[in-house]
Amino acid sequence: MTEWHFYEPGAGHRLPHDPLNAIVAPRPIGWISTISTKGVRNLAPYSFFNLFNYRPPIIGFSSMGWKDSVANIAATGEFVWNLATRDLAEAMNATSANVDAGVDEFALAAIDTLPSRLVKPDRVADSPAAFECKLTQLVRLETKEGRALDQWLVLGEAVGIHIDPAMLEDGVYQTARARPITRGGGPADYFEITEDGLFRMRRPA
Ligand SMILES: Cc1cc2nc3c(=O)[nH]c(=O)nc-3n(C[C@H](O)[C@H](O)[C@H](O)COP(=O)(O)O)c2cc1C
């Protein structure tokens, strides 16, 4: 039997590519819209993203560095999460460009928008689901020694949720119908969620 590859991340992975985000994959994409205090709209994808609580719904993403999305949320306390789908993949990718804080990324990627109801940032009109969120915690990540990192975990409560009625079948939200995209590893891998991947298993009683 060949030996398992074991590594301590602090000492390097000894592989051609870092396997970390290929292992913890695929990850849902936090496509986050914000607005600066000067009124500049911002939109960017974050794959260190997930839903952390049901009631109230709390979602979060983490930013490597103090990026514009984090700066805007820290200043305004608001953001919107937009579902990234196969049809929106190229537009989503375009919004990851490293541009100046003064650039409107909706305009940059030619993305149609709709106003939110309870928060200032707009939402992506063609996203079949969007959560309007208020900041609950902004956590600076630390190492096990307590050394502060320049990595920021943003957590927010969804105070308003928009769902395209086409995603509902007898009132039940159909995950695959939107063809959500998720992020794999490497520089370019994505996975699309389709009906073929669905299987069902109930929790033990
Ligand atoms: C699919 C995808 C996922 C990404 N995930 C993250 C992430 O989890 N954390 C992060 O800091 N940057 C991530 N990025 C890079 C940011 O989107 C990029 O730095 C962007 O310019 C940040 O925009 P902002 O400065 O307007 O917030 C990701 C990019 C893509 C395309």
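From the set of residues in the stretch 163-193 that are among the aliphatic types (A, V, I, L, M) and surrounded by 12 or more Cβ atoms within 10 Å (Cβ to Cβ), which is nearest to TYR46 (Cα to Cα)? Write out each step before concluding.
Filtering the stretch 163-193 down to residues among the aliphatic types (A, V, I, L, M) leaves 163, 166-168, 172, 176, 178, 181, 188, 193.
Within this subset, residues satisfying the condition of being surrounded by 12 or more Cβ atoms within 10 Å (Cβ to Cβ) are 163, 167-168, 176, 178, 181, 193.
On the way: ILE163: 21, MET167: 23, LEU168: 26, ALA176: 20, ALA178: 19, ILE181: 12, ILE193: 18 Å.
Only one residue tops the list, namely ILE181.
Being open to solvent by 90 Å² or more (accessible area, probe 1.4 Å) and either within 19 Å of CYS133 (Cβ to Cβ) or in contact (Cβ under 8 Å) with a residue 12 or more places away in the chain (or both) is the filter here; which residues of the stretch 83-94 pass it?
Narrowing the stretch 83-94 to residues open to solvent by 90 Å² or more (accessible area, probe 1.4 Å): 87, 90.
Hit for the stretch 83-94 is ASP87, nothing else.
Please state which of the following conditions GLY160 fails to meet, knowing it meets all the rest: (1) modelled with pLDDT under 95; (2) open to solvent by less than 20 Å² (accessible area, probe 1.4 Å); (3) of a type in the set (Gly, Ala, Ser).
(1)
Based on what the data block shows, is ALA97 open to solvent by less than 60 Å² (accessible area, probe 1.4 Å), in a loop (DSSP other than H, G, I, E, B) and modelled with pLDDT under 95?
Working: open to solvent by less than 60 Å² (accessible area, probe 1.4 Å): yes; in a loop (DSSP other than H, G, I, E, B): yes; modelled with pLDDT under 95: yes.
In short, yes.
Within the group PHE61, PHE106, PHE79, which residue is of a type outside the set (Gly, Ala, Ser), modelled with pLDDT under 95 and open to solvent by less than 40 Å² (accessible area, probe 1.4 Å)?
Going through PHE61, PHE106, PHE79 in turn, the sole match is PHE106.
Answer yes or no: is there a residue in the stretch 33-40 that is buried (at least 21 other Cβ atoms within 10 Å of the Cβ), under 21 Å from GLN151 (Cα atoms), under 11 Å from the mean Cα position of the chain (by Cα) and β-branched (Val, Ile, Thr).
At the first step, the residues of the stretch 33-40 found to be buried (at least 21 other Cβ atoms within 10 Å of the Cβ) are 33-35.
So of that shortlist, the ones also under 21 Å from GLN151 (Cα atoms) come out as 33-35.
Filter once more, keeping what is under 11 Å from the mean Cα position of the chain (by Cα): 33.
So of that shortlist, the ones also β-branched (Val, Ile, Thr) come out as none.
Taking every residue of the stretch 33-40 in turn, none turns out to be buried (at least 21 other Cβ atoms within 10 Å of the Cβ), under 21 Å from GLN151 (Cα atoms), under 11 Å from the mean Cα position of the chain (by Cα) and β-branched (Val, Ile, Thr).
The values are calculated or read from the model by the stated rules, or taken from the named source; none is laboratory data. Note that the structure is a prediction, hence the values are computed from the model and not measured. Heads up, the Cβs are rebuilt from the backbone with ideal geometry, glycines too, and the neighbour counts pull from every protein chain shown. Areas reflect the complete protein model, heavy atoms only, side chains present, ligands, DNA and RNA absent. Shrake-Rupley method; radii C 1.70, N 1.55, O 1.52, S 1.80 Å.
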